[in-house]
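Input: a single structure, listed below in structure tokens.
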Amino acid sequence: MVELIRAAKAATMIPGAPVIEDAAILVEEGIIREVGAFASLGRTHTGDVLDLGDVFLCPGLVNAHSHLELAHLRGKCPSGRGFVVWVENLLKQPIFDLEPDALDEAVKELKRTGTVMVGDIATRFAKEMAGMLAASGLFFAVFCEAIGETVPKKTFIPSGEFEAGFLSVAGHSLYTTHRDVLRAAKKESRERGLPFSLHLAEHDDEVAIMAGEPSAFLDLLQARGRLLDFEPPKKRPVRQALDLGLLDETTLAVHCVKVTDEDIAAVRESGATVCLCPRSNEFIGVGRAPWEKWFASGAPLCLGTDSLASNTDLDLWNEALYLKENFDGGLSLEDVLAMVTRNPARILGAGNTLGTLEPGKVASFALVPDTLQALF
């Protein structure tokens, strides 16, 4: 069945392409066949027409960073009191008690707000999360999170074949994951041609731990029997990640809040993509990433909601609104839309199927909210 979809406007997100007024998208069996003006495509089309009215279409959204395992912790963690207080509280929660109803509601929220793909971090239940997402109809990349000191004998990544997604591996952080484990995890993802994710330079305690300086968070971890033999590299987080070979064009560096100008230049040169999580950083109270400097650097940027333990919702539009409203300087609508469409689709390995509206790609759409349009 061939259907013509009409909308008042459409941003294809093909680099350099203008917004199409009175837009039309020809769809056959869920795949885009043509995109253009309705006056042109409608002239020869004889099948069904779905007129969406006065809406602004863009490609379906891609949430580059989430922790759906924590969906049941919505509203249960303190906000604005800093990373150590947040972690102390988190560790008292039933972190690994998956709640099907909470997961179901999280998936419904993602879909309701226009998200079609998610990059999800799974600390314990990678195969279960992949199966749940596969059944949901969302596209996905589930990263099995590597934490601790032991390199697995065979693989970091469980077996599993999924039509709409895949499993990969992520390093939790430079301080909770041994350097040998991080190297091995990155090596496996590279050999398999998969993206790699890493929480990087998220908070002041991370910087202090790397530098070998006093840290309340390190004290907390060691009191729980972790990092007892940790040897600080006496480097900034970005430099350590580079020296371990963790940053390249297939790496998604998440947060990147506590960075210097030199750090930003180094990440840009490495080719890594940066995932900003503005509302999560604000919720926890770790500070604000230098968004303007990241944008000016030319590094590929995307947005993620992070978890419901550190955010109020999984709505990427709210992330985009928060960024735009608090951004100091020029930021176009295309710039913002790129952070939730083509940039994350590319780094998560879905650039051939999602991220832009063009022939051959999946016909998945989101509606740009009036509230966001009004800021430009």
Subject >> segment 213-252 versus segment 184-209: alpha-carbon centroid distance in Å >> reply: 10
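Please identify every one of the trypsin sites (Lys or Arg not before Pro) in segment 273-376 that sits in a loop by DSSP and has no more than 16 other beta carbons within 10 Å of its own beta carbon.
Values: sites: Arg279, Arg288, Lys293, Lys324, Arg342, Arg346, Lys361; in loops: Arg288, Lys361.
Sparse-neighbourhood loop trypsin sites (Lys or Arg not before Pro): Arg288.
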Subject >> Reachable lysines from Lys187, criterion Cα separation under 29 angstrom, eight or more residues apart if same chain >> reply: Lys127, Lys153, Lys154, Lys234, Lys235, Lys258
Original post:
Which of these, Glu206, Glu161, Glu269, has the largest mean-square fluctuation under a Gaussian network model of the chain (Cα springs below 10 Å)?
Top reply: Glu161
Original post:
Once the dipole of the chain is set up with Lys and Arg at +1 and Asp and Glu at -1 on Cβ about the Cα centre, which of Val336, His178, Pro359 lies farthest towards its positive end?
Top reply: His178
Original post:
What are the residues whose amide H is under 5 Å from the amide H of Ile121, where those residues sit 5 or more places off or on another chain and H is modelled from the backbone?
Top reply: Ser66, His67, Leu68, Phe143
Subject >> Tilt relative to the chain, helix 126-136 - C-alpha long axis, 0 to 90 degrees, to 10 >> reply: 20
Original post:
How much mean residue ellipticity at 222 nm does the chain get from its helices, if each DSSP H run of length 4 or more adds -39500 (n - 2.57) and you divide by all residues, to the nearest 500 deg cm²/dmol?
Top reply: -9500 deg cm²/dmol
Subject >> Sites Phe376 and Arg192 - FRET efficiency at Förster radius 56 Å, r taken between beta-carbons, to 0.05 >> reply: 0.90
**OP:** Round to the nearest 0.05 the FRET efficiency obtained for Lys127 and Tyr322 when R0 = 22 Å and r is the Cβ-Cβ distance.
**Re:** 0.10
**OP:** Round to the nearest 10 and give me the degree value, 0 to 90, for the angle of helix 316-326's Cα axis relative to the longest principal axis of the chain.
**Re:** 80
**OP:** Would you please name the GluC sites (Glu not before Pro) within segment 5-84 that are DSSP coil residues with at most 15 other C-beta atoms within 10 Å of their C-beta?
**Re:** Glu29
Original post:
How big is the charge dipole of the chain about its Cα centre, in debye rounded to the nearest 20, if each Lys and Arg gets +1 on its Cβ and each Asp and Glu gets -1 on its Cβ?
Top reply: 740
**OP:** Could you work out how far helix 261-270 tilts from the main Cα principal axis of the chain, as a 0 to 90 degree angle to the nearest 10?
**Re:** 60
Original post:
How high is the relative contact order of segment 221-376, in percent, counting Cα pairs under 8 Å that sit 6 or more residues apart?
Top reply: 16
Subject >> Backbone N under 14 Å from the Glu163 label point (7 Å along Cα→Cβ), restricted to segment 135-149 >> reply: 135-140
Subject >> Distance between segment 68-94 and segment 16-60 - C-alpha centres, whole angstrom >> reply: 43
Original post:
Rounded to two decimals, what is Rg over Rh for segment 99-160 when you use alpha-carbon atoms and the Kirkwood radius?
Top reply: 1.03
Original post:
Given 0.36 nm per residue, what is the gain on full extension from Ile14 to Lys235 after removing their alpha carbon distance, in nm?
Top reply: 75.6 nm
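Leaving out ligands, DNA and RNA, what percent of the accessible area of the chain is carbon and sulfur, probe 1.4 Å? Please list the in-between numbers first.
Working: 7790 of 15720 Å².
Roughly 50 percent, rounded to a whole number.
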Original post:
Among Leu70, Leu52, Gly82, whose Cα lies farthest out toward the positive end of the dipole of segment 9-83, if unit charges sit on the beta carbon of Lys, Arg (+1) and Asp, Glu (-1)?
Top reply: Gly82
Original post:
Which residue, Phe56, Phe162, Phe143, tops the fluctuation ranking in a GNM of the chain built on C-alpha contacts under 10 Å?
Top reply: Phe162
Subject >> At 1.567 mPa s and 4 °C, Stokes diffusion of the chain via Kirkwood alpha-carbon radius, µm² per second >> reply: 61
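Place a +1 charge on the Cβ of each Lys and Arg in segment 283-376 and a -1 charge on the Cβ of each Asp and Glu, then give the dipole magnitude about the Cα centre in debye, rounded to the nearest 20. Let's see the in-between values first.
Values: 6 positive and 11 negative charges, 66 e Å.
The calculation lands at about 320 debye.
The values are calculated or read from the model by the stated rules, or taken from the named source; none is laboratory data. What you see is a predicted model; the values in this text were computed from it and never measured. Glycine also receives a Cβ, built like all others from the backbone with ideal geometry; neighbour counts cover every protein chain displayed. Ligands, DNA and RNA are stripped out before the accessible areas are found, and what is left, the full protein with its side chains, is counted by its heavy atoms. Shrake-Rupley method; radii C 1.70, N 1.55, O 1.52, S 1.80 Å.
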